[in-house]
Amino acid sequence: MITVLAFLFTLGVLIVVHEYGHYRVAVACGVKVLRFSVGFGRVIWRRQATPDSTEFVVSMLPLGGYVRMLDEREAPVDPAQLTRAFNRQSLWKRSAIVAAGPIANLLLAVALYASSYWIGMNEPKALLGSPVVASMAERAGLRAGDWVQAGSADGEAWTDVQSMTDLVWHVTQGVLRGEALYLRVVDAQGQHERQVVLELDRLGSRDIDAQLMRRIGLGGVYAEPVMAQIKPGGAAEAAGLHAGDRVLSVDGMPIADAASLRDLIRSSGSASVITPQHWLVERGALRLQLDVEPVAVADGERRIGRIEAFIGGPPEMVLVRHGFFDGLSQAVRRTVDMSVLTLKMFGRMVIGEASLKNLTGPLTIADYAGQSVRVGLAYYLGFLAVVSISLGVLNLLPLPMLDGGHLLYHLFEATTGRPVSVLWLERLQRGGVVIMLMLMSIALFNDVVRLVGLP
């Protein structure tokens, strides 16, 4: 129920703000607005102050909305009202009305990001776990326990990395831009500063997916190699392990963090015969030698080892919060960066450099909306900002049916001195419907694939 309500609220806010942008600028330009609708289809709620005022409605299907203006191209107009018709306005007024919707979404994103920064979010500290074996991160020299302080695209202009979320954002930007990422790191105690380079420009791919992130290999957030919980009847209990035990080494190999310990346990299942592992654990002031024999279990088409225990302490968290002016500045910067990256991603999907799997639809939005609401208000506001940016950028694409398509018509009119003919408008609109249906089908297919867990 929380997911459904969060999804409906998300759509409602974004649609209302988008359409209000069109509505407000149209009214300011002297255009008569006939209807302001949230949703499509059968009207379920209606309000109109006077017969000559705007009709505000809520319709059955909430996947969009529209503002209907007085326009001679749609219906005959009373000669006394011609000056208030959209098609009789100057080119710059019509363009301003069309662009106002996407701009409203981008301004909303700034306000949402700023609010989330002012509230503050508890995020994992940028303390790295063990990098993936043979990955880019391992080759760059990153180690478990490294604390990332700052990132740079050129090694000269540095930006502070306040949390793991910041670090992932830097990596994402580097991948999409095809640029190397310089990192300034220290150890967990904040000492021994050094600089490493992730050669993201050599990846040969700009699709942000699980496979690419594994090739980069930053790993997860650092977690202490401790036994969090021991399951009854499992190999861990049989070996004498207790909750709180810290693992120092396995078969003489030092254990840097929980991730490396889990990898050793899992990899033991691939052996034809599993032999006991010799663990050195710290329990309070004591150091104990224990023999732990993982049990092999099926994991898809391979076999892995398990000891029936939860491994790893909670990650160290930091409160990321900004003051009023700094938060507003950060919000503007993040909105601009996200808009540019979103536009670039759309462009790469069009020319085939990025997979269409990056398209998401209402099911994914609903899932993420529910998850972010459960985490906290600041997280939900940040999620809402991302979706608002996506909606704003999407509507600026030069496709018929979208605001960007109408702006393209206006550009044609400004260049040639004459509007697009009615015949071509109808043809382009039909083509736009086909394109939008294809995009919606792909997005919905991707949603279903993600939710059922298909590769």
Problem - Pairs, first without any contact (Cβ under 8 Å) to a residue 40 or more places away in the chain in the range 409-420, second small (G, A, S) and assigned to a helix (DSSP H, G or I), C-beta under 9 Å, six or more apart - result: L411/S95
Problem - Hey, L363 at pLDDT below 75 and outside any loop (DSSP other than H, G, I, E, B) or not - result: yes
Problem - All positions within the range 251-282 that are buried (at least 18 other Cβ atoms within 10 Å of the Cβ), in contact with a helix residue (DSSP H, G or I) (Cβ under 8 Å, 6 or more places away or on another chain) and over 14 Å from I307 (Cα atoms) - result: I255
Practice task
Just give me the residues in the range 251-270 being of a type in the set (A, V, I, L, M, F, W, C) and either in contact (Cβ under 8 Å) with a residue 40 or more places away in the chain or in the same structural domain as P131 (by TED's automatic domain parsing) (or both), in sequence order.
Solution key: A256, A258, A259, L261, I265
Exercise for the section: Please tell me if L63 is touching a strand residue (DSSP E or B) at 6+ places or on another chain (Cβ under 9 Å) and either buried (at least 16 other Cβ atoms within 10 Å of the Cβ) or in the same structural domain as A385 (by TED's automatic domain parsing) (or both). Expected result: no
Fill in the blank from the handout: In the range 132-149, residues that are crowded, with 19+ Cβ neighbours inside 10 Å and either aromatic (F, W, Y) or within 25 Å of L319 (Cα to Cα) (or both) total 5
Exercise for the section: Have a look at V281, V250, V221, V292 and point out the one that is at pLDDT 85 or above and under 35 Å from the mean Cα position of the chain (by Cα). Expected result: V221
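Residue by residue, here is whether (1) within 22 Å of the chain's Cα centre (by Cα); (2) modelled with pLDDT of 85 or more holds:
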| position | (1), (2) |
| --- | --- |
| M136 | no, yes |
| A144 | no, yes |
| Q149 | no, yes |
| S152 | yes, yes |
| E156 | no, yes |
| T159 | yes, yes |
| V175 | yes, no |
| V185 | no, yes |
| Q195 | no, yes |
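The values are calculated or read from the model by the stated rules, or taken from the named source; none is laboratory data. Please read all numbers here as calculations on a predicted model, not as lab measurements. Please note: Cβ atoms are built from the backbone with ideal geometry, for glycine as well, and neighbour counts cover all protein chains shown.
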